1. Out of (1) in a loop (DSSP other than H, G, I, E, B); (2) touching a strand residue (DSSP E or B) at 6+ places or on another chain (Cβ under 9 Å); (3) more than 30 Å from Thr360 (Cα to Cα), the odd one out for Ala300 is which?
2. Inspect all residues belonging to region 281-290 and state whether any of them is among the charged types (D, E, K, R), assigned to a loop (DSSP other than H, G, I, E, B) and under 26 Å from Asp201 (Cβ atoms).
3. Within region 338-360, can you find the residues that are in a loop (DSSP other than H, G, I, E, B) and free of Cβ contacts under 8 Å to residues at least 40 places away in the same chain?
4. Right, Gly73: modelled with pLDDT of 90 or more, at positive phi and small (Gly, Ala, Ser) or not?
5. Please enumerate the residues belonging to region 361-392 that are in a loop (DSSP other than H, G, I, E, B) and under 16 Å from Ser62 (Cβ atoms).
6. Within region 308-337, which residues are of a type in the set (Gly, Ala, Ser) and either buried (at least 18 other Cβ atoms within 10 Å of the Cβ) or not in a loop (DSSP other than H, G, I, E, B) (or both)?
7. Those residues that are among the charged types (D, E, K, R) and surrounded by 15 or more Cβ atoms within 10 Å (Cβ to Cβ), I need them from region 262-288; list them, please.
8. Which condition from (1) out of contact with any Lys or Arg (no Cβ under 9 Å at 6 or more places or on another chain); (2) of a type outside the set (Phe, Trp, Tyr); (3) under 26 Å from Arg321 (Cβ atoms) is the one that His117 breaks?
Amino acid sequence: MLATGDRADCAGPFLLAFLSSVRERNRMSRIVVDLERLKYLHCGLGQFSLHLGQALLATSPSDLAMTFLVPPGGESLFAPATVDTIAATTWRREAVQRIFRPIVAGWSRQAEFDLWHVTHQDSRFWPLDPRVPVVLTIHDLNFLRTKSPRVIRRRLRGLQSKIDRATVLTTGSHHAAQEIRAHLQTRGKAIRVIPHGVCLDQHEEPTRPIGVPDQSRFLFSIGDIRPSKNFHVLVDMLRNLPDLALVVAGSTKDSYAEQIRRRAAELGLADRVCLPGRVTEGERVWLYRHCAALVFPSLAEGFGLPLIEAMSCGRPVFSSRCTSLPEVGGPLAFYWNSFEPTAMADVVRDGLQRFAADTTYAEQLRDWAATFSWPRAADQYFGLYREVLGVGV
């Protein structure tokens, strides 16, 4: 049996270790990052959430404690890494929490978290405590081009209230930053442009999607198939490129997908136009690596990830000049000045010839894509977090 002094000697190291861990946690700033859109993993915001979360975990400094707000099961996407998480439950939504927010600051002496990163402007998840500073990421104002005047006014009012609550704003492109300043009142708050990184996992085993011919030479595009993506112009262009097929990957739930199929049938191109639906990561890798080029005629983008994903595979890129796309595609992409089918085909034909004639072009494309780095983006976010918190700056 241990004497009292012996028990104290045994407990001492454990108690000291516990107290040391408590002091360490108290020195760390506690940051919540909203990754709730992981529930739509194969969409743009889902990929943004996944790769941002992975980069923040991989490079997390010792003075910042990261907590991810995730949908049920979302934490498994970061395995084998261990991450603190908050479940994106109904009661945490803004519509519920605003009922309790007025009493929280008076009830609690200290906020539960030191900073909250709202990673997209339509998020329903904001901190309960009104004292917690908020970093708000606004990806785009594309509704200005797709919605009615009444809806635009309503959307702008809602977004303005979020800007008023935020401490600082971020976005992925200078084009988006300019639109935010033009249409909303930032009230002197900074807008930091932090470009995204490439969201393509080159370590995935490439897999040919079902229905995509193995041997045909094809142009590739990707994105949820809806009118703002402007994919239908590619079908008319294809008439002038008889040696090429077209593969457009993405959700086909919108009636616009059927419109594209009908147009292809009308032009006698049904056997050369393939819409395989949403694809897996391995299928995405296969399509980028095997396509003749990426063709991206979108009318409204907040960033334009497919451009740098294709470039990271050394594939040439043809793009519209709309919104942020010239900023992302840079000087190496080929651009359409109009959507007239013959003119579009001429640009593709000439661009493919230039690409084939220059043996360094593929490597130049990879180098350009490498400038869009998730570790670099994470480092910029960490710097911004510290600036807002007033620590380590």
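1. So the condition that Ala300 fails would be (2).
2. To start, the set of residues in region 281-290 that are among the charged types (D, E, K, R) comprises 281, 283-284, 289.
Pick out the ones that are also assigned to a loop (DSSP other than H, G, I, E, B) and you get none.
Checking region 281-290: not a single residue is among the charged types (D, E, K, R), assigned to a loop (DSSP other than H, G, I, E, B) and under 26 Å from Asp201 (Cβ atoms).
3. To start, the set of residues in region 338-360 that are in a loop (DSSP other than H, G, I, E, B) comprises 338-340, 358-360.
Correct list: Ser338, Glu340, Asp358, Thr359, Thr360.
4. Working: modelled with pLDDT of 90 or more: yes; at positive phi: yes; small (Gly, Ala, Ser): yes.
Considered against the rule, which asks whether it is modelled with pLDDT of 90 or more, at positive phi and small (Gly, Ala, Ser), Gly73 comes out as yes.
5. Residues of region 361-392 that are in a loop (DSSP other than H, G, I, E, B), as a first pass: 371-373, 390-392.
Within region 361-392, Val391, Gly392 qualify.
6. The first filter runs over region 308-337 and keeps only residues of a type in the set (Gly, Ala, Ser), leaving 310, 312, 314, 319-320, 324, 329-330, 333.
Listed by number, the residues that qualify are Ala310, Ser312, Ser319, Ser320, Ser324, Gly329, Gly330, Ala333.
7. Passing the criteria: Arg263, Arg272, Arg278, Glu281, Glu283, Arg284.
8. That leaves (3) as the condition not met.
The values are calculated or read from the model by the stated rules, or taken from the named source; none is laboratory data. Just so we're clear, the structure is a prediction, and the values are computed from it rather than from any experiment. In this analysis, Cβ positions are derived from the backbone assuming ideal geometry, glycine residues included, and neighbour counts consider all displayed protein chains.
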